[in-house]
Amino acid sequence: MITLVWKELRESVKWVALLSLLVLGAAELSALYPAFDSQADSNFSNGITLCRDTFLTVTTFLPPIVGLLLGFSQILPELERDRWAALLHRPIPRGRLFLGKAIAGVILYVVATVPPFLFCVWLAATPGHFVAPFVPGLALAGLADTGTGLVYYFAALLVALQRGGGRGLRVLPLLAAVHVTFYVVGASYFHDAAWAAGLMVLVLGLAGWGATCHREVFAARPWLSRLALLITAFYGLCGVADLVRYVSRAGQSFSTTGAYYEIAEDGRPLRLNYRQGVVVSVQELDGSTPTDPKYRPDRVRAHQCQLNTCSRYIGDPHGSRSYRWQGPYRASTTYLDAGSSFSHPQPEQWFGLVQERTFVGMSPKRKVAIARLDARGFQPPNAVTVPFSSDVTIRSTGHLGSYLSSPEGVRIVDLPRRTITNLTLPLPGPVYGTSTPWARTDTGSVNVLAVALAAGVAIYDSNDAHLLATLPYQREVDRWGWISVGINPTLDRFYLAYHPSTWIPRKEKRNVSSYLDEMNAEGKVVRSYEIPPLPEATRPPFWFDEFTRRLQSPVFYFGTLLYEKVGALRGDYLLGLDWKIRSEDNWNEAKKTAAYVILFSLLCAGVTLAWARRVHFSWPQALRWAGLALAFNIAGLIAFRLVADWPRLVPCAACRRPRPIDRQTCPHCAGDWPATTPTGTEIFDSVPTPETAATV
């Protein structure tokens, strides 16, 4: 096998591996560095270094192309000149033959794809190249894409080796790889993406091993390879669904339709009704239409006061707890939060290290760290940092700079001057939340800092942090503890909106009114409104999602329900939340979907059974394929059509109906095969009669 590995390496290392290395390296380097000045994207909206959009586009597409080229270059040239038959006659088991090719291919793929990616990681991690700190998590997206390229390599091997089942079966491995790409790109966690790519590499490798043992007949392959080919076919059909969904969604709007409340410039609440994300009508609380033309649907957004959530409950949380979502692994905001930038007294850009819970300031000119901020305060750039506790958040608010908020208090942080000042609270704590309300003015906007305390909300000026107003609560905040705050441009009116607290069940919230109080700087209520609840927003159904929801596999659908239920019983917060949402909001829809899944699975199983018997599969074979269709719905039926070894049929000489060539008697008329007509060239084909023996 070592000789075979060296043979494969010699044949492909020059024109495939090295050329791919050069092309991929040039593409990744050009994508890592933007075509324009690095300071142009000052908000880092296109991602940071290894999570930049252009870099991830390259890693998503080019490693799979390299894998496909390597896989096809190892098999197709040998098939064209019938070198494959000579290779199979070598004194080596066919399984070891496939293993030798796979080992060489993986080595070549690693040589072609890993060095360019590691070089980009080194550039991002070395100070002086980018105006951003390096976090190892930034490399996870590119690492997942590089691993996904191996899926395409083994898919190419299987496509080249597979002969039975027609073109539909031969293209399914590529479509299974496409499904893995969709999953890897859309996954929330790196370990999910890594498991998906790794398991599909194993499945495609086993299927390719079986195709090497026997390229045409499915039943002649080892049972593990047959199982792998069925899994490949299933996920290949999932890849077809992914492509159809992606193409059919292009250019379509999936915005919701519903209504929400906003505050007019004079402080009264207005109901804005929207359809597909566009405001279509504006109503007063009594249902009438505002007479002022500036509150027309096309102009109302420019004449309203924004409300910012300041807290989600006040007082006892009643057992509920918030979950801190850190974002998908492919987003740079999961690891780095691009904060404020300053030009005086020196140019610097600050970043929050999300998972380390510290902050670092970078020099845009030298592209190195110049200071750090942790739980002890400001530290030198190379100091060992102490992370903030999990209940501390840092936010930016206009000219005030930034502030640190925790239940114990609020601290104003002047990043460029390296000072931290405790904010004096007019009411007893703890701090239940903060926000930065703002309002439009003729020259721009004004914003303030709002701090939700146990007895009221404190409003601070954004310029010098002096207290503007103290707004005591006027409602039962134990139940209406979701507080939103708004201001008017002159800062003489403040708006407190009271919504049902987060601990109240969703069903109950749907029928509970909210309240809005307009208050002056002295904390007196000027006007008060009761805001009736709104129906939940709806999203237009997408035909393909409805179609696939009814034709999904019963194994996966009911397995997901069982997984969520068991996770909820074990105390898993996320699974328990998924089960709670499903049981409270979508249980009727879940039961309806379950009925459709069972119905269509039974239908597909019946069609498979009838089809298999019609083409003369034996009863055990037909029942096995029908069981596959029952477990996997339409995917099982299609897999039966593409994967099964269909009997070869010829017309019966007696009844002219199709009969299998591997049976001695016709299943319709029980007729035997007719005797062949003698041609005179037969030797010892017939028993000699006495007459013929005498003549001899």
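The values are calculated or read from the model by the stated rules, or taken from the named source; none is laboratory data. Being a predicted model, the structure only gives us computed values, none of them experimental. Cβ atoms come from the backbone with ideal geometry, glycine included; neighbour counts cover every protein chain shown. Ligands, DNA and RNA are excluded from the accessible area calculation, which covers all protein heavy atoms including side chains. Shrake-Rupley method; radii C 1.70, N 1.55, O 1.52, S 1.80 Å.
Observations, loosely collected:
- Averaged over residues, the count of other Cβ atoms within 10 Å places the peptides 211-224, 643-656, 524-537, 63-76 in the sequence 63-76, 211-224, 643-656, 524-537, highest first.
- For F544 and D572, the difference between the fully extended length at 0.36 nm per residue and the C-alpha to C-alpha distance is 6.9 nm.
- In nm, spacing of pseudo-spin labels at L623 and V392 (7 Å Cα→C-beta vector): 6.8 nm
- Ranking of R539, R570 by solvent-accessible surface, largest first: R570, R539 (1.4 Å probe, protein heavy atoms only, all chains present).
- Solution diffusion estimate, µm²/s, Stokes-Einstein, region 451-566, Kirkwood Rh from C-alpha pairs, 20 °C, viscosity 1.002 mPa s: 120 µm²/s
- Centre separation in Å (Cα based) which lies between region 468-505 and region 516-552: 17 Å
- Total formal charge among the other residues, if their Cβ is under 15 angstrom from that of L204, Lys/Arg +1 and Asp/Glu -1: +4
- Here r is the Cβ-Cβ distance between D298 and R163 and R0 is 45 Å; the resulting FRET efficiency, rounded to 0.05, is 0.10.
- Here the Debye sum runs over all C-alpha atoms of region 527-655 as equal scatterers in vacuum, and log10 of I(q)/I(0) at q = 0.09, 0.13 Å⁻¹ comes out as -0.44, -0.72.
- Measuring how big region 371-458 is from its alpha-carbon positions, Rg and Dmax come out at 14.5, 47 Å.
- Inter-site label distance for V526 and V278 at 7 Å from Cα along Cβ, in nm: 3.5 nm
- Structure-derived Kirkwood radius over Cα pairs in Å: which label, when the choices are [x] 32.2; [y] 28.7; [z] 31.1: [z]
- By average C-beta atoms within 10 angstrom, highest first, the peptides 26-34, 553-561: 26-34, 553-561
- Rounded accessible area of R163 (nearest 10 Å², 1.4 Å probe): 130 Å²
- Nearest-ten-degree value, helix 94-125 long axis tilted from longest Cα axis of the chain: 20 degrees
- Remark: relative contact order (region 440-596) = 13 percent; criterion is Cα-Cα distance under 8 angstrom and separation of 6 or more residues.
- Axis of helix 166-186 versus longest Cα principal axis of the chain: the two differ by about 20°, to the nearest ten degrees.
- Taking a Cβ cut-off of under 10 Å around L353, the surrounding Lys, Arg, Asp and Glu residues balance to a net charge of -1, with basic ones at +1 and acidic ones at -1.
- The chain, relative contact order in percent, only Cα pairs under 8 angstrom and at least six apart counted: 9 percent
- Spatial separation of Cα centroids for region 141-199 and region 412-463, in angstrom: 51 Å
- Total lysine pairs whose alpha carbons fall under 23 Å of each other in the chain (8 or more apart, or interchain): 12
- Protein accessible area in the chain, 1.4 Å probe - carbon and sulfur %: 60 percent
- Sorted peptide list for 410-417, 200-207, criterion being average Cβ within 10 angstrom, highest first: 200-207, 410-417
- Nearest-ten-degree value, helix 2-12 long axis tilted from longest Cα axis of the chain: 70 degrees
- Cα→Cβ-extended label distance, 7 Å offset, between W195 and A653, nm: 6.0 nm
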